[in-house]
Each structure stands twice: as C-alpha cells, then as structure tokens.
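Asks: If you scroll down you'll find the structure; I have some questions about it.
The values are calculated or read from the model by the stated rules, or taken from the named source; none is laboratory data. Since this is a predicted model, take the numbers as computed values, not measurements. Neighbour counts are summed over all protein chains in view; Cβ atoms, including those assigned to glycine, are modelled from backbone coordinates with ideal geometry.
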C-alpha cells in the first residue's frame, strides 16, 4: 500500500535527515516509527503527504509514485491520507465542528453528508458537546481529538500521526492512543511516529526504528530499543 | 462547482467577521489609500483648471493703423481663425475701443474731456488672439509679421510681452509636470502602504494556509476566501472614503470658490458622482484583490 524505496532527504552536507530508507506498509497495519528527536521520523511522514520532497528515491502510495504527481494532484493524495500533528494544526478561526467539516468541504461533499459525518466523528472522539467551541477554548487533549476527527472524517485509507501525544499529559496520551487503536481496528492503516517508550512497548505492534536517518530495526511485534 | 463557490464566499465573509480587528485595520489603511488617490485626482483637476484659467489670460493683441479699413481687418481675422494654432479671435472696432476707454475712465473728467476735444477717434481697432496653447504665440506672431499686413498693422504686443509670456509658459509647464509627478509618487506610496498591510494580514495566516493545504484543499479553495475578503475590504474602504471626501469637498469647495471663482469642485463632484464612485470602488477592489493575490502566492507552494 505504502512503499518507501531508497528514500533520502538531505537538507545540506551537515544535515542529512534520511539515508536510503526502504520499507513497506500494508493495508490495515499499525506501524510505529520510533527514534530520537532528529532521527528522521517527522521527515518521513512529511514526505508521505508531500509536504516536502525527497532528495532521492521513490515513494509509492497505492502503487502510484507520489513524486511523479503534478502539483494540482497533491490535494487528491492528501484527501486519502489523514494527518495528525504534535501541534494539532487546527484552524484557530473555525470551531471544532468547522475544523472537522473543512476536510470534507475541500473534497466537495454535500452539506447533508457533512452534517451527518461530522456529528458521528465528533461523537466517536467524545467531543459532541464541544462542537461549537473554538480551538482556543479547548484543552490540549481535546484539540488533538478534534485533529483526529478531522483526519478521520473523510474516511482516509491511512492516518499518519506525528508525535500526536507529544504535548499531552499521560491520561490524554492514552485516550489518543486508544482512539488510534480503535481507528485501526475499524480498518484504517495507522502510521504513528513517536519517541514514547511506554506507548511502543504497550502497543505490541510493528515497530520501525530509525537512527541517524537509517532504518536500524523493523520488527513485528517490536519493542522500543535504541542504542 | 457552485457548492465550492458558495463555501468560498461564505468562508470569506465569516473570516472577515471573525478577524474583526485585522479587518478593521486593513479597511482603515485602504480607506486612507483611497482618500489619497481621490485627493490627488481632485487636486490635479483643480491644478489643471487653475492653469487653464491662467493660460487663457495670456493672449496677444494686434493694433491697426487708424486708416486701416475694416474689411481688411475682418479678412485678416478670418485668416487667423483658420489657423490651427488659434482658438479664438475677438475684433474690437475703433468705436468699441472708445466705449471701453470711456467706461474705464468714467471718473476721470480731464481724460474724458481731452478725448472729446479731438475731432477724430484716436483709438486703434484691434484683434485679440487666443491661441490653443500659449506656447504657440510665436507662430501667430510670425504670421502677423508678413509683408502684406505691414501697412495696416501698427503694432503687435507679443514682442513687448514675449518675456512675460515665455516665463508664464515655463511656470505652467513645470507646475503641470511636477503636480503630476508629486501625485503619482503620493499615489504609489499610498498603494505600497495598503499592499503591505494586506501582506502582513496574510502573513499572520500563513500557518493556517499550510494547514489547509495539508488537509487537502486546492489552491483555489485556500485563496478564494482571501480574495472575497479583499473585495470586502475594497468596497467598505471605498464607501468610507466617499463619506469622508464628500463632506470634505463640501467644506473646502466654497473656500476655493471664493478664491478661484472659475473652479467649482462641488459641481465637478455632482456632475461626476457615479464615475467617481465607480472608479474609487473599482480601485478599492483591485487594490484588495491584487494585494491578497500576490501576498498569498508564496504560502501556497506547499
């Protein structure tokens, strides 16, 4: 489903984010990408949603090389991938409902569909009663749940989550992880980038370990082991 | 297509409302820019009228010998009128000249009596020539200098006034050019200020723009609401600046009228109300849309 083939990302000679990374993610998998800060986890996810371009290699999504996509095709790629970020990246001038609805509006969905699906997804993440609140009125955990609802609402085949619990306390962290597990059980592929040892060890799923921009370990089920 | 357009417009309106302070600041700066533009334009109208009035005051007069025959003078008049450079020729006969003289010196008994003492009218008939452009008097003067007219013309006052006319021409030219240049510079500064305000407003939304793109929005879906906001800024700024300019002209117009009766700004605005409003609104919209369009471009490259 997703395949990284000899992917490198070199910012300059002193800053090499990824070196010849190759791995594959199948449908319905739950893969954690682990590594220290600066190991290349975020870069890997940014390359998948075409936020950045690799220096070398190929990236396939559903057998299509995303590097060969034209600029105006990128929105269609991004509508198939739901992205969740450490800093939430919500639109501050839109309410929780509008933030989630935005992901459906960009795809040209009808108002009726939007109303129906957004309510359901907000219910799923437990925020039905906060639908009218702006991000500034929500706690960190609530913001991240809105972000997950937004990533989920257009039924993407993959959700990529870049350190989604990095800014949250332990209780909220486990709420978010349980939500991701639930989403995965409902059939969506999840790629989770994190450096939280406790989470990785508790998950008992596939773990891809990155060190200095290269894959040093790829085990299923894996554990958090870094030298 | 229509759903998307509707969403873009709705989103633009909501953003305008929710970004209250930023919208107000942008509208005010654009208002200042539009007021500057219109003021520059109106000042140019005033300056042009003043200079036209001034230019009309410059004419040359040809005086004829006392024995010159009226048909000869009228023949010269019609020849002069056929010249391209000439705007208007006015004939003052000997009798009219005498009337003018008498009127002018009504209170001066000595002068009036002395003129009555004379058997003949001593005043010469004349032609007052107004050229289309004050720089063209030299051509008219050289036309009058031809041999065939020498025996009927007693004098042409161009040669006497040449220095004054040339100097006035220079002043008029310099004023026209510097007025235009100062206006253009001022208008450009006003444009830069408004443009940079919009750029700063969009700069503050750069992260939102990236987020929208990462969620799968097309460039148009992101750009559209900003363009709608730009149009709104322009229209509102135009309305406010008109509400400032009309009373402003109402206040300054009569003062200017006392000073220069040839220029009636209120009438000018009254006669050109709709074109002025249209151009100002279009100016506001173009300013808003252009600034948003250019400012947002660099953030859409995600």
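Asks: Between A:53, A:89, which is within 14 Å of another protein chain (Cβ to nearest Cβ), more than 30 Å from residue A:134 (Cα to Cα) and assigned to a loop (DSSP other than H, G, I, E, B)? Please lay out each step first, then the result.
Replies: Working: A:89 fails: more than 30 Å from residue A:134 (Cα to Cα).
After applying the criteria, what remains is A:53.
Asks: Given B:34, B:42, which one is crowded, with 18+ Cβ neighbours inside 10 Å, within 27 Å of residue B:132 (Cβ to Cβ) and either more than 12 Å from chain A (Cβ to nearest Cβ) or touching a helix residue (DSSP H, G or I) at 6+ places or on another chain (Cβ under 6 Å) (or both)?
Replies: The unique qualifying residue is B:42.
Asks: With under 21 Å from residue B:220 (Cα atoms), away from chain B (no Cβ under 12 Å) and at pLDDT 90 or above as the only criterion, which of A:69, A:104 stands out? Lay out the reasoning, then the answer.
Replies: Values: A:104 fails: away from chain B (no Cβ under 12 Å).
One residue alone meets the criteria, A:69.
Asks: Can you confirm whether residue A:183 is touching a helix residue (DSSP H, G or I) at 6+ places or on another chain (Cβ under 7 Å), closer than 16 Å to residue A:123 by Cβ and within 14 Å of chain B (Cβ to nearest Cβ)?
Replies: It is false that residue A:183 is touching a helix residue (DSSP H, G or I) at 6+ places or on another chain (Cβ under 7 Å), closer than 16 Å to residue A:123 by Cβ and within 14 Å of chain B (Cβ to nearest Cβ).
Asks: Now for a different question. If you take just the helices (runs of 4 or more DSSP H) that sit entirely in the range B:122-221, which of them hold at least 3 residues that are under 30 Å from residue B:9 (Cβ atoms) and outside the structural domain of residue B:92 (by TED's automatic domain parsing)?
Replies: Once the helices (runs of 4 or more DSSP H) in the range B:122-221 are filtered for at least 3 residues that are under 30 Å from residue B:9 (Cβ atoms) and outside the structural domain of residue B:92 (by TED's automatic domain parsing), what remains is B:158-203, B:206-214.
Asks: Hey, another quick one. Condition check: within 27 Å of the chain's Cα centre (by Cα), part of a helix (DSSP H, G or I), closer than 30 Å to residue B:290 by Cβ and in the same structural domain as residue B:175 (by TED's automatic domain parsing). Does residue B:17 satisfy that?
Replies: Answer is no for this residue.
Asks: Now for a different question. Check the range B:248-267 and report whether any residue there is closer than 30 Å to residue B:4 by Cβ and either surrounded by fewer than 22 Cβ atoms within 10 Å (Cβ to Cβ) or in contact with a strand residue (DSSP E or B) (Cβ under 8 Å, 6 or more places away or on another chain) (or both).
Replies: Quick first cut of the range B:248-267, residues closer than 30 Å to residue B:4 by Cβ only: none.
Within the range B:248-267, none of the residues are closer than 30 Å to residue B:4 by Cβ and either surrounded by fewer than 22 Cβ atoms within 10 Å (Cβ to Cβ) or in contact with a strand residue (DSSP E or B) (Cβ under 8 Å, 6 or more places away or on another chain) (or both).
Asks: Can you name the number of the only condition in (1) more than 10 Å from chain B (Cβ to nearest Cβ); (2) surrounded by fewer than 18 Cβ atoms within 10 Å (Cβ to Cβ); (3) touching a helix residue (DSSP H, G or I) at 6+ places or on another chain (Cβ under 8 Å) that residue A:77 fails?
Replies: So the condition that residue A:77 fails would be (1).
Asks: Only one residue in B:8, B:3 is within 11 Å of chain A (Cβ to nearest Cβ), assigned to a helix (DSSP H, G or I) and out of contact with any helix residue (DSSP H, G or I) (no Cβ under 6 Å at 6 or more places or on another chain). Which one?
Replies: Details: B:8 fails: out of contact with any helix residue (DSSP H, G or I) (no Cβ under 6 Å at 6 or more places or on another chain).
Answer to the selection: B:3.
Asks: Let me ask something else. For residue A:5, state whether it is in a strand (DSSP E or B) and more than 23 Å from residue A:176 (Cβ to Cβ).
Replies: The answer is yes for residue A:5.
Asks: Scan the range B:145-167 residue by residue and report those that are at pLDDT 80 or above and within 34 Å of the chain's Cα centre (by Cα). If you could, list the steps in order and put the result at the bottom.
Replies: Step one: list which residues in the range B:145-167 are at pLDDT 80 or above, which gives B:145-157, B:167.
Scanning the range B:145-167 gives B:156, B:157, B:167.
Asks: Still on this model: Looking at the structure I just gave you, is residue A:13 touching a residue at least 60 places away in the same chain (Cβ under 8 Å) and over 17 Å from the mean Cα position of the chain (by Cα)?
Replies: In short, no.
Asks: Which of the residues that make up the range A:95-127 are within 21 Å of residue A:179 (Cβ to Cβ) and assigned to a loop (DSSP other than H, G, I, E, B)?
Replies: Hits for the range A:95-127 are A:95, A:125, A:126, A:127.
Asks: Here is a further query. Among the residues of the range B:11-27, how many are in contact (Cβ under 8 Å) with a residue 24 or more places away in the chain and more than 14 Å from every other protein chain (Cβ to nearest Cβ)?
Replies: Within the range B:11-27, residues that are in contact (Cβ under 8 Å) with a residue 24 or more places away in the chain and more than 14 Å from every other protein chain (Cβ to nearest Cβ) number 3.
Asks: Looking at this structure, is residue A:95 out of contact with any helix residue (DSSP H, G or I) (no Cβ under 8 Å at 6 or more places or on another chain), over 26 Å from residue A:185 (Cα atoms) and within 14 Å of chain B (Cβ to nearest Cβ)?
Replies: yes
Asks: Does residue A:152 qualify as being surrounded by 20 or more Cβ atoms within 10 Å (Cβ to Cβ) and touching a residue at least 60 places away in the same chain (Cβ under 8 Å)?
Replies: yes
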